[in-house]
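Have a look at the structure below, then the notes.
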């Protein structure tokens, strides 16, 4: 959690989204590996989280932000990798930060961002390490197209770090039927 420039660690927990935001994986607890301790205690990590919290405060006013961070590797083991198998979606948070860490020997992986209230949208590819996309999750939906290997006999991958910030608490299935 982040509030007023102060960061408080919380226990490792399951990621949960309601079906309304994620038709494929919503309504279930999803356990991801925790952030590596060396990363979580690195001074740059705290600076990054504080910078994202400042952006949230600029959009939605000063308050406590509940942060989740997940590194994702999507690879081409089966010939194709699907970064967003659920399709275009919202995450049910206030801000989504997607950092491109690495693209290795792939084609595809185009990012698509659409106005949540209409047909307007953008299409682009996060080109290289530390390319960043910030999304106001109240205003847009997003997805990434599948990836394919550049060379059929070699593995390709797309590594991203997704950091979400949400006011009012973490999403949970408490009170859900």
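Below, the figures for the structure above:
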item: The listed residue being more than 16 Å from the chain's Cα centre (by Cα) and either at pLDDT 95 or above or closer than 18 Å to residue 136 by Cβ (or both), out of 49, 59; result: 59
item: Top-ranked residue in segment 30-47 [being touching a strand residue (DSSP E or B) at 6+ places or on another chain (Cβ under 8 Å) and surrounded by 12 or more Cβ atoms within 10 Å (Cβ to Cβ); ranked as nearest to residue 4 (Cα to Cα)]; result: 46
item: Pairs with Cβ under 6 Å, 6+ apart, first in segment 34-48 and in contact (Cβ under 8 Å) with a residue 60 or more places away in the chain, second surrounded by fewer than 13 Cβ atoms within 10 Å (Cβ to Cβ) and in a helix (DSSP H, G or I); result: none
item: Residue match in segment 36-58 (condition: in a loop (DSSP other than H, G, I, E, B), out of contact with any helix residue (DSSP H, G or I) (no Cβ under 8 Å at 6 or more places or on another chain) and within 21 Å of residue 157 (Cα to Cα)); result: yes
item: Qualifying residue in segment 1-19 (condition: touching a residue at least 24 places away in the same chain (Cβ under 8 Å), surrounded by 17 or more Cβ atoms within 10 Å (Cβ to Cβ), under 27 Å from residue 129 (Cα atoms) and over 16 Å from the mean Cα position of the chain (by Cα)); result: yes
item: Every residue from segment 70-95 that is in contact with a helix residue (DSSP H, G or I) (Cβ under 8 Å, 6 or more places away or on another chain) and in a strand (DSSP E or B); result: 95
item: Any hit, segment 15-27, residues being modelled with pLDDT of 95 or more and not in a strand (DSSP E or B); result: no
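The values are calculated or read from the model by the stated rules, or taken from the named source; none is laboratory data. All figures in this text were calculated on a predicted structure; none of them were measured in a lab. Glycine also receives a Cβ, built like all others from the backbone with ideal geometry; neighbour counts cover every protein chain displayed.
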